[in-house]
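Enquirer: For reference, the structure I am asking about is given below.
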Amino acid sequence: MPESATPILRLGIIADPQYAPVAPNPELGRYFRQSLDKLRTAIAFFEQEDLDLIVVLGDLIDRDWDNFDPVLDILATSRHEVLCLPGNHDFAVAADKLAHVHAKIGMPSPYYDRVVNGVRLIVTDGSEISLFAPPLDDERRIEASERLETMTKQGAANAMMWNAGMSETQVAWLQERLTMAAQAGEKAIVLGHYPLHPFTDHALWDAPGIAELIAAPGAAVAYLCGHDHRGNYGQKNATHFINFKGMVDTEDENAFAIFQLYADHIHIDGLGREESRRLPVSR
């Protein structure tokens with residue numbers, strides 16, 4: 001059997017369930033209540049698959065701390081390990097809960113990495129510098145305000161309060177982890193909430209620079225994200241940037257996927273509204 005016939009890594013992918021027991025927003029196409037049933041459907045499908053992890057790429061909830069538990073309870077029914085990272089909506093909670101969001105969704109720290117089947121998964125914190133995620137008295141809010149003001153004056157398309165950025169410390173850490181993976185001969189996959197490439201109004205504030213870093217020679221094979229519910233795809237050098245569609249969108253259509261990394265390609269089985277893709281891997 002050729003090497004490429006066996007996947008190195010298989011992930012179940014969910015983006016932006018954004019649950020809340022509230023009325024829908026038809027203008028945006030968001031049906032918040034339906035997300036629990038959509039999650040149950042996705043988990044039932046994943047239970048029939050051999051997966052290394054289920055990854056939720058942010059926005060588990062639309063708002064309010066109490067809405068985490070219904071989502072987490074469904075995810076906990078899976079026999080697979082679940083890796084969650086937060087999106088901007090996950091910080092739409094009471095101020096005294098902001099510092100506890102990462103722990104609530106089971107993260108060991110806001111950004112970290114781990115090796116699974118010889119693949120380095122690098123989990124980034126795109127909400128680190130923002131107007132919504134840090135505690136109210138945190139200096140990162142001041143930095144976020146200054147960044148956003150500068151970007152707005154420059155006419156940046158992604159100068160939005162619901163976008164965010166990374167600190168210089170995190171960017172240096174990301175570079176270090178990518179270098180570590182390359183030196184160890186590991187393939188690297190970076191996970192985040194905000195798109196980086198192609199550049200859109202939903203992109204991370206510092207998207208161009210971070211995209212260059214991730215797509216540098218010998219760096220990551222892929223960057224996986226959510227946030228822009230429309231979904232998107234782009235390639236920069238040998239790195240694939242995959243923006244998965246938002247589960248919360250539409251009243252009765254689901255969106256989730258199985259991501260499979262092989263030695264020479266990536267295969268994405270899209271379910272519901274999510275697209276299927278076959279992408280070459282040269283690293």
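The values are calculated or read from the model by the stated rules, or taken from the named source; none is laboratory data. Bear in mind that the values here come from a model prediction, so they are computed numbers and not experimental data. All Cβ positions, even for glycine, are placed from backbone atoms using ideal geometry, and neighbour counts span all protein chains on display. For accessibility, only protein heavy atoms count, side chains too; no ligands or nucleic acids. Shrake-Rupley method; radii C 1.70, N 1.55, O 1.52, S 1.80 Å.
Enquirer: Checking the a/c ratio against 1.5 first, then a/b against b/c, what shape does the Cα gyration tensor give for the stretch 148-275?
Expert: Working: a/c = 2.23, a/b = 1.01, b/c = 2.21.
It is oblate, given that a/c is not under 1.5 and a/b is not larger than b/c.
Enquirer: Let me ask you something else. Which of rounded, prolate, oblate describes the stretch 3-138, given a ≥ b ≥ c as roots of the alpha-carbon gyration tensor eigenvalues and a/c under 1.5 marking rounded, otherwise prolate only if a/b is larger than b/c?
Expert: Working: a/c = 2.16, a/b = 1.29, b/c = 1.67.
It comes out oblate by the Cα gyration axes.
Enquirer: Please compute the net charge surrounding Ile122, taking Lys and Arg as +1 and Asp and Glu as -1 over other residues with Cβ under 13 Å from its Cβ. Let's see the in-between values first.
Expert: Working: positive: Arg114, Arg120, Arg177, Lys187; negative: Asp113, Asp125, Glu176, Glu186.
So the environment of Ile122 carries a net charge of 0.
Enquirer: Charges only on Cβ, +1 for Lys and Arg, -1 for Asp and Glu: so what's the dipole of the chain about the Cα centre, in debye to the nearest 20? Write out the running numbers ahead of the final one.
Expert: Values: 24 positive and 41 negative charges, 120 e Å.
Approximately 580 debye in magnitude.
Enquirer: Note down the relative contact order for the stretch 1-90 as a percent, whole number, built from C-alpha pairs under 8 angstrom at least six residues apart.
Expert: Numbers: 148 pairs, mean separation 31.0, N = 90.
Over the stretch 1-90, the number comes to 34 percent.
Enquirer: Could you work out what % of the accessible surface of the chain is carbon and sulfur, using a 1.4 angstrom probe and leaving DNA, RNA and ligands out of the count? The partial results should precede the final answer.
Expert: Values: 5840 of 11690 Å².
Carbon and sulfur together cover 50 percent of it.
Enquirer: Continuing with the same structure: Under 21 Å Cα-Cα from Lys187, which lysines qualify once same-chain neighbours fewer than 8 residues away are excluded?
Expert: The reachable lysines, counting only those whose Cα sits under 21 Å from Lys187, are Lys236.
Enquirer: On to the next question. If I take every Cα pair under 8 Å that is 6 or more residues apart in the chain, average their sequence separation and divide by the length, what percent do I get for the relative contact order?
Expert: On the way: 650 pairs, mean separation 57.4, N = 283.
About 20 percent, as a whole number.
Enquirer: Mind pulling the per residue volume of the convex hull built on the Cα atoms of the chain? Å³ is fine.
Expert: For the chain, the hull spanned by Cα atoms encloses 120 Å³ per residue.
Enquirer: Report the Stokes-Einstein translational diffusion coefficient (µm² s⁻¹, integer) for the stretch 79-120, Rh taken as the Kirkwood radius over Cα pairs, at 10 °C with viscosity 1.306 mPa s. Spell out each step's value before the answer.
Expert: Values: Rh = 11.9 Å.
It diffuses with D of about 133 µm²/s by this estimate.
Enquirer: Okay, next question. Using DSSP to call loops (not H, G, I, E or B), can you name the GluC sites (Glu not before Pro) in the stretch 1-78 whose Cβ has at most 14 other Cβ atoms within 10 angstrom? Spell out each step's value before the answer.
Expert: Details: sites: Glu3, Glu27, Glu47, Glu49; in loops: Glu27, Glu47, Glu49.
Answer by residue number: Glu27, Glu47, Glu49.
Enquirer: At a Förster radius of 35 Å, what calculated FRET efficiency corresponds to the Cβ-Cβ distance of Gln235 and Thr169, to the nearest 0.05? All intermediate terms of the calculation are to be shown ahead of the outcome.
Expert: On the way: r = 29 Å, r/R0 = 0.82.
The computed FRET efficiency comes out at 0.75.
Enquirer: I'd like the antiparallel share, as a percent to the nearest 5, of DSSP beta bridges with both residues in the stretch 127-283. Provide the component values of the computation, followed by the final result.
Expert: On the way: 17 of 24 bridges.
Of all bridge pairs located within the stretch 127-283, approximately 70 percent are antiparallel.
Enquirer: Continuing with the same structure: Looking only at the chain, where both bridge partners belong to it, what percent of the DSSP beta bridges are antiparallel (to the nearest 5)? Numbers along the way, then the final one.
Expert: Numbers: 29 of 49 bridges.
Taking every DSSP beta bridge within the chain, about 60 percent pair in antiparallel fashion.
Enquirer: Could I ask something else about it? Can you tell me what share of the DSSP beta bridges in the stretch 26-154 is antiparallel? A percent to the nearest 5 is fine. Mind dumping the intermediate values first?
Expert: Working: 5 of 8 bridges.
Percent antiparallel among DSSP bridges in the stretch 26-154 is about 60.
Enquirer: Per DSSP H run of at least 4 residues, take -39500 (n - 2.57); add these up for the chain, divide by its residues and hand me the 222 nm value, nearest 500 deg cm²/dmol. List each step's numbers first, then the result.
Expert: Values: 6 runs with 64 residues, N = 283.
That comes out to -7000 deg cm²/dmol.
Enquirer: Can you give the accessible area per residue of the stretch 6-108, in Å², using a 1.4 Å probe? Each step should come with its number before you reach the end.
Expert: Details: 4220 Å² over 103 residues.
On a per-residue basis, the stretch 6-108 sits at 41 Å².
Enquirer: Put +1 on the Cβ of every Lys and Arg and -1 on every Asp and Glu Cβ in the chain; which of Leu51, His240, Pro21 then has its Cα farthest towards the positive end of the dipole?
Expert: Result: His240.
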